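*Asks:* The structure is given below, and queries will be raised subsequently.
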Amino acid sequence: MSRLLVVDDEANIRLLYAEELKDEGYEVVTAATSAEAAEKLQGGVFDLAVLDIKLKNESGIELLQKLVKERHDMPVILCSAFSCYKDDFSAWLADGYVVKSGDLTELKQEIARVLAKKAMKVKADV
Amino acid sequence: MDRNSCWNRNVIEQEECPNIGEGEEDLLVSQRVTEKCRDCAVFSADLERLRSDDNPLAPLLSEVLIENSRQKTQIQSLVSFLDNKTLEMRFLHELGSVLQSSVDLDEVLSVALTAITAGKGFGMNRAFLLLNNREEGFLKGYLGLGPRNIDEACRVWDEIIQNDMDLQTLAQNFRLNKLSSEREKFHDVLEQLTVPLSNKDHILIKALDGKVPLLVENAYYHPDVPAELTRLLGVDTFLLMPLISRNRRVGMIIADNFITHRPITDEDMHSLETFAFTVAFAIERASLYDKLQVELNRVTEAGKKLKEQQELIVRMENMALVGRITSSIAHSVRNPLMIIGGFARSMLKNSPESDPKRTFIESIVSETRQLEGVLDEILNYSDSLYPTRDFWDVNQLIETALHDTADTLTSQGYAIGYSPGHDLQAVYIDFKQVSYCLRTILQNDVNGIGDDLTIAISSRNGENGVILQIEDRSRHVSQAELEHLLVPFSETRDLGAGLGLALCKAMLEKQGIPFVVQADVKEGIRYAITLPTRKEEQS
């Protein structure tokens, strides 16, 4: 079972993601801030992280840069209320980008795609 | 001699002397002999008698009369000289006033040359003005005034005499009516009078550097005068008058009597020298004023640009404000919207088909989906307000759009083909916006889907940029219907469906990118976008 870290400052969104992604068969751990995310990351291994770009008083992009640097084997999907970030250079570090929507199909597809890609890479490395 | 002769007495009566007229009564009591008696017949007869009598008074009287006559002539000459000087001072004062009050270079030059050449002025036949152009390193012929031949001289001088204009009017007349024609008339001479300042051996430069006037006589045989200069002027006497202002070499006046050949005297030269100081100062001041005007215009222009920049900054700040507001909207509206829609979907997924509340939940899902669509379009529109352009690779642009839309289109059964052109030039665009437009075109929700679900994309270098062509063979609508879709909010459908193509058009036009759409009910829709390859192609 793949383990996902969801970082979003909105409690209801964390709840929605957790419920929906659990239904998809993932183990979901949530965090509201960068600090909490760092704490959760210390506590275990994650297969993928879903990050909100705008966290309260923080930037998800900065957290993304930190994760890419420190956890380069963990793919990251950015999830944002802004479609404009999709073509932004700063977001290009992420493995995927999804515009927030009540319809989580795209997010689920992206998670599946990125995890599959990661699995293929691991297989190739082995 | 009669001792009581009228000229020998101290006091006489009015009736005794026919030579003393009204207003000369003072002569009845003194100075009569030197003033009146000298030409009187009585006095001449008495003097003749004194001579014949060998009276010693006779030669003395004669000598006194001669000396008196000499002194009278001298006094008259001095008075005449003083009168001339007074006139000259008045003339210089008048010219000085005109010159000092003017900051217009052409007016100053007109006054100066008119004063030099007019009969009421210095009365020279002809004058040329050369200006020191330090930037170009030349003493440059600038203006000439005077006749070129005798016929012209007669005509012009007759005209001046008939009109009897004062100097100021003459100068004004010259400036308004003759300045450019006179400049044209002497164009060839002025060209040839232009001498490099570095040519220190040239007589004009020598006179300029020497800062003192030079009366050139016998020019044809003068060792310092170049033959071409003499030939050009056609006179053997001319005056070189350097114009010096506060030790700076402003220019030079060349004056001559080309028609009358009247000799130029030292006095002419000194009078002109006095005038030259005023002229030099006026020219320098007018030139400085011209430069000041240029600088002022520059400052005004810079001020205007600064104002525009300030307005731009304010506008950008407003736009940044718009950005912040939309960002705030995105967060405050989209998050709750996705939570509502997300949980509604979740509930819908877990509710049995028989649940009577299922219809309500479906409504929530549908409405939130539509609101999300509206929100997307508003955010995209606000994003389109300030494009950020740079040079981009067309293939990268198309491949990005294809990658983003591939899943959706493939799931709908579309087949997409891309034929890239050879050696495509980099295009100057806002990548995000054009990329959005391509995605919108590829996924557009135009009604009228046919059987052929094919989208063909091609690119090629064109005259005005790289031409991108998208042929969507699946959409079958008329041109009129399509054009209706290109007008924002004109669609009769609810908001959130129909703004896409209109927004694309607005975004592309804002970047100066031509966007042509052709629809055919049978063939489908053909989009042509000409992406600029140069910065100046932007509007």
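The values are calculated or read from the model by the stated rules, or taken from the named source; none is laboratory data. Predicted model only: the values in this text are computed from it and were never measured. Heads up, the Cβs are rebuilt from the backbone with ideal geometry, glycines too, and the neighbour counts pull from every protein chain shown.
*Asks:* Pull out all pairs, ordered by first then second residue, where Cβ-Cβ is under 7 Å, the residues are six or more apart or on different chains, the first lies in the range A:51-66 and is within 13 Å of another protein chain (Cβ to nearest Cβ) and on the phi < 0 side of the Ramachandran plot, and the second is among the aromatic types (Phe, Trp, Tyr) and in a loop (DSSP other than H, G, I, E, B).
*Replies:* Pairs that qualify, where the first residue is within 13 Å of another protein chain (Cβ to nearest Cβ) and on the phi < 0 side of the Ramachandran plot and the partner is among the aromatic types (Phe, Trp, Tyr) and in a loop (DSSP other than H, G, I, E, B), are A:ILE53/A:PHE82.
*Asks:* May I pose another question? Which one is surrounded by the fewest Cβ atoms within 10 Å (Cβ to Cβ), of the residues in the range B:229-241 that are farther than 17 Å from B:ALA115 by Cβ and under 36 Å from the mean Cα position of the chain (by Cα)? Outline the logic, then answer.
*Replies:* Let us first name the residues in the range B:229-241 that are farther than 17 Å from B:ALA115 by Cβ, namely B:229-238, B:240.
Filter once more, keeping what is under 36 Å from the mean Cα position of the chain (by Cα): B:229, B:232-233, B:240.
Working: B:LEU229: 20, B:LEU232: 15, B:LEU233: 21, B:LEU240: 22.
Residue satisfying both the conditions and the ranking: B:LEU232.
*Asks:* Does B:GLY123 satisfy being on the phi > 0 side of the Ramachandran plot and either over 24 Å from the mean Cα position of the chain (by Cα) or assigned to a loop (DSSP other than H, G, I, E, B) (or both)?
*Replies:* On the way: on the phi > 0 side of the Ramachandran plot: yes; either over 24 Å from the mean Cα position of the chain (by Cα) or assigned to a loop (DSSP other than H, G, I, E, B) (or both): yes.
Against the criterion (on the phi > 0 side of the Ramachandran plot and either over 24 Å from the mean Cα position of the chain (by Cα) or assigned to a loop (DSSP other than H, G, I, E, B) (or both)), B:GLY123 qualifies.
*Asks:* Considering only residues that are β-branched (Val, Ile, Thr) and touching a helix residue (DSSP H, G or I) at 6+ places or on another chain (Cβ under 9 Å), look in the range B:504-520 and name the one that is surrounded by the fewest Cβ atoms within 10 Å (Cβ to Cβ). Before you say what the answer is, go through the steps one by one.
*Replies:* We begin by selecting, within the range B:504-520, every residue β-branched (Val, Ile, Thr); these are B:513, B:516-517.
Then keep just the ones that are touching a helix residue (DSSP H, G or I) at 6+ places or on another chain (Cβ under 9 Å); that gives B:513, B:517.
Values: B:ILE513: 26, B:VAL517: 19.
Among those residues, the one meeting the criterion is B:VAL517.
*Asks:* If a residue has to be within 14 Å of chain A (Cβ to nearest Cβ) and at pLDDT 85 or above to count, how many in the range B:411-429 make the cut?
*Replies:* 1
*Asks:* State whether one or more residues within the range B:280-297 are touching a helix residue (DSSP H, G or I) at 6+ places or on another chain (Cβ under 7 Å), part of a helix (DSSP H, G or I) and closer than 24 Å to B:LYS85 by Cα.
*Replies:* Residues of the range B:280-297 touching a helix residue (DSSP H, G or I) at 6+ places or on another chain (Cβ under 7 Å): B:282-283, B:286-287, B:290.
When the remaining residues are screened for being part of a helix (DSSP H, G or I), the result is B:282-283, B:286-287, B:290.
Now restrict to residues that are closer than 24 Å to B:LYS85 by Cα: B:282.
Yes, the range B:280-297 contains a residue that is touching a helix residue (DSSP H, G or I) at 6+ places or on another chain (Cβ under 7 Å), part of a helix (DSSP H, G or I) and closer than 24 Å to B:LYS85 by Cα.
*Asks:* Moving on. Out of (1) in contact (Cβ under 8 Å) with a residue 12 or more places away in the chain; (2) within 14 Å of another protein chain (Cβ to nearest Cβ), what's the single condition that is false for B:ILE441?
*Replies:* All conditions pass for B:ILE441, except number (2).
*Asks:* Any idea which of (1) under 30 Å from B:LEU531 (Cα atoms); (2) more than 60 Å from the chain's Cα centre (by Cα); (3) among the β-branched types (Val, Ile, Thr) is the one B:ILE364 doesn't satisfy?
*Replies:* Of the numbered conditions (1) under 30 Å from B:LEU531 (Cα atoms); (2) more than 60 Å from the chain's Cα centre (by Cα); (3) among the β-branched types (Val, Ile, Thr), the odd one out for B:ILE364 is (1).
*Asks:* Continuing with this model, one more query. Give me the pairs: first residue in the range B:144-156 and exposed (fewer than 12 other Cβ atoms within 10 Å of the Cβ) and assigned to a helix (DSSP H, G or I), second residue at pLDDT 85 or above and among the aliphatic types (A, V, I, L, M), beta-carbon distance under 7 Å, and six or more apart or on different chains, which are they?
*Replies:* Here the result reads B:ILE150/B:ILE259, each pair linking the range B:144-156 to a residue that is at pLDDT 85 or above and among the aliphatic types (A, V, I, L, M).
*Asks:* Given the criteria surrounded by 11 or more Cβ atoms within 10 Å (Cβ to Cβ), charged (D, E, K, R) and modelled with pLDDT of 85 or more, does B:ASP290 qualify? Full working, then the answer.
*Replies:* Values: surrounded by 11 or more Cβ atoms within 10 Å (Cβ to Cβ): yes; charged (D, E, K, R): yes; modelled with pLDDT of 85 or more: no.
Answer is no for this residue.
*Asks:* Please verify whether B:ALA207 is surrounded by 15 or more Cβ atoms within 10 Å (Cβ to Cβ), among the small types (Gly, Ala, Ser), assigned to a helix (DSSP H, G or I) and modelled with pLDDT under 90, treating the condition exactly as stated.
*Replies:* Here the answer is no, as B:ALA207 does not meet what is asked.
*Asks:* If you don't mind, there's one more thing I want to ask. Go through (1) part of a helix (DSSP H, G or I); (2) in contact with a Pro (Cβ under 6 Å, 6 or more places away or on another chain); (3) more than 13 Å from chain A (Cβ to nearest Cβ) and name the single condition B:LEU402 misses.
*Replies:* Evaluating B:LEU402 over (1) part of a helix (DSSP H, G or I); (2) in contact with a Pro (Cβ under 6 Å, 6 or more places away or on another chain); (3) more than 13 Å from chain A (Cβ to nearest Cβ) leaves (2) as the failure.
*Asks:* Would you confirm whether or not the range A:89-96 contains a residue that is within 14 Å of chain B (Cβ to nearest Cβ), of a type in the set (Ser, Thr, Tyr) and touching a strand residue (DSSP E or B) at 6+ places or on another chain (Cβ under 8 Å)?
*Replies:* The answer is no, given that none of the residues of the range A:89-96 is within 14 Å of chain B (Cβ to nearest Cβ), of a type in the set (Ser, Thr, Tyr) and touching a strand residue (DSSP E or B) at 6+ places or on another chain (Cβ under 8 Å).
Let's see how each residue does on (1) part of a strand (DSSP E or B); (2) basic (Lys, Arg):
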{"residue": "A:MET1", "(1), (2)": "no, no"}
{"residue": "A:GLY25", "(1), (2)": "no, no"}
{"residue": "A:VAL29", "(1), (2)": "yes, no"}
{"residue": "A:ALA38", "(1), (2)": "no, no"}
{"residue": "A:LEU63", "(1), (2)": "no, no"}
{"residue": "A:LYS69", "(1), (2)": "no, yes"}
{"residue": "A:LEU93", "(1), (2)": "no, no"}
{"residue": "A:GLY102", "(1), (2)": "no, no"}
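*Asks:* Counting only residues that are hydrophobic (A, V, I, L, M, F, W, C) and farther than 29 Å from B:SER332 by Cβ, which one in the range A:42-67 is surrounded by the fewest Cβ atoms within 10 Å (Cβ to Cβ)?
*Replies:* We begin by selecting, within the range A:42-67, every residue hydrophobic (A, V, I, L, M, F, W, C); these are A:45-46, A:48-51, A:53, A:55, A:61, A:63-64, A:67.
Applying the additional criterion that residues be farther than 29 Å from B:SER332 by Cβ yields A:45-46.
Details: A:VAL45: 9, A:PHE46: 22.
Selected residue: A:VAL45.
*Asks:* Report the residue count in the range B:16-39 for those that are in a loop (DSSP other than H, G, I, E, B), modelled with pLDDT of 80 or more and out of contact with any helix residue (DSSP H, G or I) (no Cβ under 9 Å at 6 or more places or on another chain). Before you say what the answer is, go through the steps one by one.
*Replies:* From the range B:16-39, those in a loop (DSSP other than H, G, I, E, B) are B:17-24, B:29-31, B:36; that's our starting set.
Next, from what is left, pick out any that are modelled with pLDDT of 80 or more: B:17-24.
Then drop every residue that is not out of contact with any helix residue (DSSP H, G or I) (no Cβ under 9 Å at 6 or more places or on another chain), which leaves B:18, B:21-23.
Number of matching residues: 4.
*Asks:* Which residue is nearest to the other protein chains (Cβ to nearest Cβ), if the candidates are limited to the range A:99-110 and must be under 18 Å from B:SER411 (Cα atoms) and aliphatic (A, V, I, L, M)? Please lay out each step first, then the result.
*Replies:* Quick first cut of the range A:99-110, residues under 18 Å from B:SER411 (Cα atoms) only: A:103-110.
Add one more test, that the residue is aliphatic (A, V, I, L, M), and what stays is A:104, A:107.
On the way: A:LEU104: 6, A:LEU107: 10 Å.
Among them, the one singled out is A:LEU104.
*Asks:* Which one is farthest from the other protein chains (Cβ to nearest Cβ), of the residues in the range B:321-365 that are surrounded by 14 or more Cβ atoms within 10 Å (Cβ to Cβ) and of a type in the set (Gly, Ala, Ser)?
*Replies:* For the range B:321-365, the residue satisfying everything is B:SER351.
*Asks:* How many of the residues in the range A:31-50 are within 14 Å of chain B (Cβ to nearest Cβ) and within 26 Å of A:LYS121 (Cα to Cα)? Walk me through how you get there before you give the answer.
*Replies:* Narrowing the range A:31-50 to residues within 14 Å of chain B (Cβ to nearest Cβ): A:32, A:50.
After this cut, where a residue has to be within 26 Å of A:LYS121 (Cα to Cα) as well, the list is A:50.
Residues flagged as within 14 Å of chain B (Cβ to nearest Cβ) and within 26 Å of A:LYS121 (Cα to Cα) within the range A:31-50 amount to 1.
*Asks:* Filtering the range B:390-419 down to residues that are surrounded by 13 or more Cβ atoms within 10 Å (Cβ to Cβ), among the polar types (S, T, N, Q) and under 59 Å from the mean Cα position of the chain (by Cα), which residue is farthest from B:SER459 (Cα to Cα)? Steps first, please.
*Replies:* First pass over the range B:390-419, keeping only residues surrounded by 13 or more Cβ atoms within 10 Å (Cβ to Cβ): B:391-395, B:397-402, B:404-409, B:414-416, B:418.
Pick out the ones that are also among the polar types (S, T, N, Q) and you get B:395, B:400, B:405, B:408.
Subset that is under 59 Å from the mean Cα position of the chain (by Cα): B:395, B:400, B:405.
Details: B:ASN395: 8, B:THR400: 15, B:THR405: 18 Å.
It comes out as B:THR405.
*Asks:* Six or more apart or on different chains, Cβ under 8 Å: which pairs go from a residue in the range A:1-25 that's more than 9 Å from chain B (Cβ to nearest Cβ) and surrounded by fewer than 18 Cβ atoms within 10 Å (Cβ to Cβ) to one that's assigned to a helix (DSSP H, G or I) and among the charged types (D, E, K, R)? Could you list them?
*Replies:* Once the first residue is more than 9 Å from chain B (Cβ to nearest Cβ) and surrounded by fewer than 18 Cβ atoms within 10 Å (Cβ to Cβ) and sits in the range A:1-25, its partners that are assigned to a helix (DSSP H, G or I) and among the charged types (D, E, K, R) give A:GLU24/A:LYS108.
*Asks:* From the set of residues in the range B:96-116 that are of a type outside the set (A, V, I, L, M, F, W, C) and surrounded by fewer than 24 Cβ atoms within 10 Å (Cβ to Cβ), which is nearest to B:VAL294 (Cα to Cα)? Please lay out each step first, then the result.
*Replies:* First, pick out the residues of the range B:96-116 that are of a type outside the set (A, V, I, L, M, F, W, C): B:96-97, B:100-102, B:104, B:106-107, B:110, B:114.
Then keep just the ones that are surrounded by fewer than 24 Cβ atoms within 10 Å (Cβ to Cβ); that gives B:96-97, B:100-102, B:104, B:106-107.
On the way: B:GLY96: 26, B:SER97: 26, B:GLN100: 21, B:SER101: 20, B:SER102: 17, B:ASP104: 13, B:ASP106: 16, B:GLU107: 18 Å.
Step by step, filter the range B:96-116, then rank; the result is B:ASP104.
*Asks:* Okay, next question. Considering the range B:25-51 alone, what residues qualify as being among the charged types (D, E, K, R) and either over 21 Å from B:THR73 (Cβ atoms) or not assigned by TED's automatic domain parsing to the domain that holds B:GLU63 (or both)?
*Replies:* Within the range B:25-51, the subset among the charged types (D, E, K, R) is B:25-26, B:32, B:35-36, B:38-39, B:46, B:48-49, B:51.
Within the range B:25-51, B:GLU25, B:ASP26, B:ASP46, B:GLU48, B:ARG49, B:ARG51 qualify.
*Asks:* What are the residue pairs meeting all of these: first residue in the range B:68-83, first residue not assigned by TED's automatic domain parsing to the domain that holds B:ASP39, second residue in a helix (DSSP H, G or I), Cβ atoms under 7 Å, and 6 or more apart or on different chains?
*Replies:* Once the first residue is not assigned by TED's automatic domain parsing to the domain that holds B:ASP39 and sits in the range B:68-83, no partner that is in a helix (DSSP H, G or I) comes close enough.
*Asks:* Counting just the residues of the range B:346-361 that are in a helix (DSSP H, G or I) and either modelled with pLDDT of 90 or more or among the polar types (S, T, N, Q) (or both), which one comes out farthest from A:THR105 (Cα to Cα)?
*Replies:* In the first step, residues of the range B:346-361 are kept if they are in a helix (DSSP H, G or I); the result is B:346-350, B:358-361.
When the remaining residues are screened for being either modelled with pLDDT of 90 or more or among the polar types (S, T, N, Q) (or both), the result is B:346, B:350, B:359.
Numbers: B:SER346: 12, B:ASN350: 16, B:THR359: 21 Å.
Ranking the candidates gives B:THR359 first.
*Asks:* Quick check: anything in the range B:126-138 over 27 Å from the mean Cα position of the chain (by Cα) and in the same structural domain as B:THR237 (by TED's automatic domain parsing)? If you could, list the steps in order and put the result at the bottom.
*Replies:* Pass one, the range B:126-138, residues over 27 Å from the mean Cα position of the chain (by Cα): B:126-127.
In the following step, the residues that additionally are in the same structural domain as B:THR237 (by TED's automatic domain parsing) were identified as B:126-127.
Yes: one or more hits.
*Asks:* More than 14 Å from chain A (Cβ to nearest Cβ), at pLDDT below 80 and surrounded by 12 or more Cβ atoms within 10 Å (Cβ to Cβ), is that true of B:MET269? It would help to see each step written out before you state the result.
*Replies:* Values: more than 14 Å from chain A (Cβ to nearest Cβ): yes; at pLDDT below 80: no; surrounded by 12 or more Cβ atoms within 10 Å (Cβ to Cβ): yes.
It is false that B:MET269 is more than 14 Å from chain A (Cβ to nearest Cβ), at pLDDT below 80 and surrounded by 12 or more Cβ atoms within 10 Å (Cβ to Cβ).
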